[in-house]
């Protein structure tokens, strides 16, 4: 079924909160977003567009009608314009309809399921938004704590600030996720190693693929090819670094050729300047950087200037 909407219609008015997002706690911010999405602001937009398209169709000639019907039967993905509905980067909670560059049209359409994109056969335009419908796949990393009960019971520890609590909750979630499914981070690094296929990089029970774990959650990119030289790092460095990202050095031994880069990367994460560009995909100078679109959809800038990962499926979206 094709829903006909024009590309020239204005975006719907936003439902803005009483305070700016930067003044809201993470919990308040998420609740405000849910309240905004519950109004389905795009429905009014598409209803107005459908009425406008009825008037256009009433005046079309035979040639225009044939063109429209052909588009409805087989919507184009290259010649059609594509618009993406995403959160505004300015103050206020609202979805903004933005035209996608030509080179990113097919990628944007491919990132959205059938129910998340709407084609307008009259104007030859696609509208895409992750909130229009459900994805085509099951998201293994949905933040649905109701399925697992109370994983973080109350303790007698001193109360943390809101931001510290948010950060600690995310770390706990990641550790528990790894404990539930350690094989989720299995990857064969032998094809990148200068040591050849005789290098044993298999993981025993209870181990985590540290390389894939750091890539998925922290944006770490290892040097390619992986060097056969393992820089000398003390066991204390390795243990402290793994502990800071929620891993246990007792069951995760140093990796051949990756011990030095991993330790340097984690230490860089603890510095104000951050890691170097060649090892961190959040920086534009990296050889495989994250796109601005992915960053805006999955990362939220906190008032203190730090970024919070809102969706842990970020890695899946870019693969």
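What the Cα convex hull of the range 21-128 gives, in volume per residue, is 119 Å³.
Cβ-Cβ distance of residue 89 and residue 48, R₀ of 25 Å, FRET efficiency by 1/(1 + (r/R0)^6): the value works out to about 0.50. Cβ-Cβ distance of residue 67 and residue 212, R₀ of 35 Å, FRET efficiency by 1/(1 + (r/R0)^6): the value works out to about 0.15.
For residue 30 and residue 124, FRET efficiency with R0 = 41 Å and r from the beta-carbon atoms, rounded to 0.05? FRET efficiency, residue 124 to residue 30: 0.65. Three semi-axes describe the equivalent ellipsoid of the range 39-88; taken as square roots of 5 times the Cα gyration tensor eigenvalues and ordered largest first, they are 25, 17, 8 Å. A full extension of the chain between residue 284 and residue 134 corresponds to an added length of 50.9 nm, given 0.36 nm per residue minus the alpha carbon distance.
The peptide list 51-64, 243-256, put in order of mean Cβ contacts within 10 Å with the highest first, becomes 243-256, 51-64.
Quick note: the coordinates plus some simple rules give every number you see, no bench work behind them. Keep in mind the model is a prediction, meaning the values are calculated, not measured. Every residue, glycine among them, receives a Cβ derived from its backbone with ideal geometry; neighbour counts consider all protein chains shown.
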